[in-house]
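Worksheet: one structure, shown below.
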Amino acid sequence: MEMNEITNAWDQYNNSLDKNLSIDEDKLRLADLDKAKDQMEYPLASEMVELIGGLLVIAAVLLISLVLIDDPKYFLFGLITVTIGAVYVGLSLIKIRLLKRVNYYDTPIVKLQRELAYTRRRFLKFRAFERLLFPLYLLPMLPLTSKLVSGIDLFTQIPLFAMKFAGVLGVVYLIIFFIHKHLYDKRFRAVENIITRLKEFEKE
């Protein structure tokens, strides 16, 4: 075999190895991006549940307000609750749009990293605002439901009102803490680790 033939054969072998290596790298990159996208399905599903739940609460409070329309005080509480509920629904829609706008597959890794950092920052700000707003959401809702279900006017029984308010608020905040830790913080950290690993791999 002549030297030129040996050289050509060697070049073809090298090209084949490079091509296979490139294919393997693309598969690994795609697999990691799939994992990152899958992680963010959990927060997205949670926001969808909250959106549907918020709409159901608004509908229920509207019905309760109509039942108690003869008492202007309770009708006003109903309107306040519906207004704050509408804010929650609007925030859920914004957060869903934030999560869905991230393009995992057709974006350079550095840009994807920036987009995810921006999404997490905005997302967590909205979640923090929702936690601060929740007491104002709960405050008019408790007397409404208590009046309809048990006929008790909590405003004539302030100690009972305060006890129920503190109890429900504490339980809800514990649930929010659990959801925030396992469905948001944990998932965002996992995605950021995946993207950071991909970024380091591309540098090598």
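The values are calculated or read from the model by the stated rules, or taken from the named source; none is laboratory data. Quantities reported herein were computed from a predicted structural model and do not represent experimental measurements. Heads up, the Cβs are rebuilt from the backbone with ideal geometry, glycines too, and the neighbour counts pull from every protein chain shown.
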Practice item. Scan segment 143-190 residue by residue and report those that are assigned to a loop (DSSP other than H, G, I, E, B) and either of a type in the set (Val, Ile, Thr) or under 30 Å from residue 117 (Cβ atoms) (or both). Key: 152
Review point. Which condition does residue 138 not pass, out of (1) of a type in the set (A, V, I, L, M); (2) closer than 22 Å to residue 61 by Cβ; (3) within 29 Å of the chain's Cα centre (by Cα); (4) loosely packed, with under 12 Cβ neighbours inside 10 Å, if it passes all the others?
Key: (4)
Exercise for review: Within segment 189-196, identify whether any single residue is within 16 Å of residue 41 (Cβ to Cβ) and without any contact (Cβ under 8 Å) to a residue 24 or more places away in the chain, and answer yes or no.
Suggested key: yes
**Study point:** First in segment 120-143 and under 19 Å from residue 185 (Cβ atoms), second anywhere and surrounded by 14 or more Cβ atoms within 10 Å (Cβ to Cβ) and modelled with pLDDT under 85, Cβ under 6 Å, 6 or more apart
**Key:** 120/188
Point to revise | Enumeration of residues in segment 80-113 that are surrounded by fewer than 13 Cβ atoms within 10 Å (Cβ to Cβ), modelled with pLDDT under 90 and assigned to a helix (DSSP H, G or I) | key: 100, 110, 111
